[in-house]
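A.B. asks: First the structure, which I've put down as structure tokens, then a few questions once you've had a look.
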Amino acid sequence: MPQHKLLMCPGPTIVPDRVLQAGAEPMVYHRSEEFSQVLKEVLDHLRVLFGTHDVLVMASSGRGAVEAALANSLTPGGRVLVVVNGFFGEMMAGIARDLGFDVVRTQEDWTRPADPQAVADVLAGDPSIEAVGMVHSETSTSVLNDLASMGQAVRGQGRLLVVDAVSSLGGAPIDMDRNLVDVVGSASQKGLFSPPGIGVVGVGAKGWERINLSTNRRHYFDLRKMKEAADRPTPQTPSTTPVSLVKSLHAALQMINEETVAGAYRRHERMAQATRLGVKALGLSLYPAGDFRRSPTVTTVALPEGRDPSHMLKWVEKNYGIVLGNGLGKIGKTTFRVGHMGVVQPENVVQALGALGDYMVQNGWTTAPADAGAKVAQEYFDRP
Ligand SMILES: Cc1ncc(COP(=O)(O)O)c(C=O)c1O
């Protein structure tokens, strides 16, 4: 058996043995009652995480789920306003463009969270905009865009809010109905600590109003067909379900239930806080600078001037078996990322900070002791 690496990159995340084993069970027919019961329980668990009733699973990565969310929510060639305050905001704008929508970009500043008032102002000035696209946890910068205030702003202007929650589902509350978020896409391999390959989409009541009106072309990603199959007394998916992946996801969702959803969110906040304190103790700073809500699932760290992240990332993996994440897009060479989503525990954060500190001391990146970050994180975890 290959050795487990400690995945502290922002996805895919550590998949516990129980989840792996559930996916390794003998194959079952995807239309059988036995499998339908598993799918039913998966949908029930996901409802709680999305905070809305209608959830759909499909064979895709996160990008596919976001594509499905957009493709179903707009009219052909329809105009969509996309908040592009990070790499994945850019990705969303690109998906919308490739689907033939008319993309209006806003808030291209990667150092700031989305501003609901600014979005409301653009919407007020352009009634032809049908929907707003926004990333919840911007995995490139770790900025957490606020769902509640954006939901109010967008609903106040009578438009649809489509959200990419790929790196927040399972690690941070989404509360779609309460936050007035209409359509959300996410995936199995991050906060849900399952193998990659399942896309999940949540749709609220307003979302369905638009989806049912849309004449946009779609086939595999037709959310209406998925809903029809999911709503049967024995739920199904329209085409062959990725049975093994769904079984893995089922085990992961059971684990979240055992920890409790609130407990999982609390643990993510604690992992994030310890990571932030730890990297600062090593003399590094968070990217971007500023005082705003950061994602509980990932921490983006600014590199010391002139340092190359790739050597550090390779060294930490080779010497400690710990995989950290590279920076993305225009901050690819000036940042790196620590993922702390899924089943990450205090000892994992402490190990990662210890490895980072060791590298930094050996390579003259810091004057702090090598264990400074690990120590601060451990002290944080030890506090009652
Ligand atoms: C916020 C966000 N959106 C979209 C994606 C793309 O997801 P996938 O690689 O599963 O298609 C990612 C992946 O890191 C992400 O973090």
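A.B. asks: Starting from the 7 Å offset along Cα-to-Cβ, what nm value, one decimal, do you get for the label separation of Glu305 and Glu269?
C.D. replies: 3.7
A.B. asks: Suppose the chain between Thr367 and His4 were pulled fully straight at 0.36 nm per residue; how much longer would it get relative to their current alpha carbon spacing?
C.D. replies: The Thr367-His4 span can extend by a further 127.5 nm.
A.B. asks: Against the longest alpha carbon principal axis of the chain, how many degrees, from 0 to 90 and to the nearest 10, is the axis of helix 261-281 turned?
C.D. replies: 40
A.B. asks: Against the longest principal axis of the chain, how steep is helix 346-362, in degrees 0 to 90 to the nearest 10, with axes from Cα atoms?
C.D. replies: Once rounded, one gets 50 degrees.
A.B. asks: Shifting gears a bit: Does a label point 7 Å from the Cα of Asp231, set along Cα-to-beta-carbon, have any residues of segment 10-54 with amide nitrogen under 16 Å, and which are they?
C.D. replies: Correct set: 53-54.
A.B. asks: As a check on your grasp of the helix formula, calculate [θ] at 222 nm for the chain: sum -39500 (n - 2.57) over DSSP H runs of n ≥ 4, divide by the residue count, round to the nearest 500.
C.D. replies: Per the formula, -13500 deg cm²/dmol.
A.B. asks: Hey, another quick one. At q = 0.14, 0.19 Å⁻¹, what is the log10 ratio I(q)/I(0) for segment 261-382, with the Debye formula run over Cα points and no solvent?
C.D. replies: -0.53, -1.01
A.B. asks: Measuring from label point to label point, each 7 Å out along Cα→Cβ, what is the His219 to His30 span in nm?
C.D. replies: 1.6
A.B. asks: Please report, to one decimal in angstroms, the Kirkwood hydrodynamic radius of the chain built from all distinct Cα-Cα pairs.
C.D. replies: It is 21.2 Å.
A.B. asks: Could you work out how far the C-alpha centroid of segment 303-375 sits from that of segment 56-76, in angstrom?
C.D. replies: Centre-to-centre distance over Cα atoms comes out at 34 Å.
A.B. asks: Once the piece of chain linking Arg155 and Ala59 is laid out straight, how much longer is it, given 0.36 nm per residue of separation minus the C-alpha distance between them?
C.D. replies: 31.5 nm
A.B. asks: Also, quick follow-up: For Arg178 and Thr260 in the same chain, what is the full-extension length gain: residue separation times 0.36 nm, less their Cα-Cα distance, in nm?
C.D. replies: The Arg178-Thr260 span can extend by a further 27.5 nm.
A.B. asks: How about segment 266-337: which GluC sites (Glu not before Pro) there lie in a loop by DSSP and see at most 11 other Cβ atoms within 10 Å?
C.D. replies: Answer by residue number: Glu305.
A.B. asks: Please compute the contact order of the chain in relative form: average sequence separation of alpha-carbon pairs under 8 Å and at least six residues apart, divided by the residue count, as a percent.
C.D. replies: 23
A.B. asks: For Ala148 and Ala118, FRET efficiency with R0 = 22 Å and r from the beta-carbon atoms, rounded to 0.05?
C.D. replies: Rounded to the nearest 0.05, the efficiency is 0.85.
A.B. asks: I've got another one for you. Which of rounded, prolate or oblate describes segment 114-234 when judged by the alpha-carbon gyration tensor and an a/c cut-off of 1.5?
C.D. replies: oblate
A.B. asks: Now a separate question. Any idea what log10 I(q)/I(0) is at q = 0.17, 0.25 Å⁻¹ for segment 180-252, Debye with uniform C-alpha scatterers and no solvent?
C.D. replies: -0.76, -1.28
A.B. asks: Moving on to the next point. So for each of 55-66, 281-292 I average, over its residues, the number of other beta carbons within 10 Å; can you give me the resulting order with the highest mean first?
C.D. replies: 55-66, 281-292
A.B. asks: Once both axes come from the Cα atoms, what is the angle between helix 309-320 and the longest principal axis of the chain, in degrees from 0 to 90, rounded to 10?
C.D. replies: It works out to around 80 degrees.
A.B. asks: I would also like to ask the following. Can you tell me the order of 196-203, 248-255, 213-220 when each peptide is scored by its average per-residue count of other Cβ atoms within 10 angstrom, highest first?
C.D. replies: Highest to lowest by the protection proxy: 196-203, 248-255, 213-220.
A.B. asks: State the Cα centre-to-centre distance between segment 226-275 and segment 77-140 in whole Å.
C.D. replies: 28
A.B. asks: Which of the lysines could a cross-linker bridge to Lys333, judged by Cα under 30 Å and excluding same-chain residues fewer than eight apart?
C.D. replies: Lys333 reaches Lys5, Lys190, Lys280, Lys314, Lys318, Lys375.
A.B. asks: Would you please put 236-247, 102-113, 178-189, 19-30 in order of how densely packed they are, using the mean number of other Cβ atoms within 10 angstrom per residue and starting with the highest?
C.D. replies: 178-189, 236-247, 102-113, 19-30
A.B. asks: Now for a separate question. At R0 = 41 Å, how high is the FRET efficiency between Asp126 and Asp291 if r is their beta carbon distance? Nearest 0.05 is fine.
C.D. replies: 0.85
Computed from the coordinates by the stated procedures, all read-outs in this text should not be read as laboratory data. From a predicted model like this one, the values you see are computed outputs, not experimental measurements. Note that each Cβ is placed from the backbone with ideal geometry, even for glycine, and that neighbours are counted across all protein chains shown.
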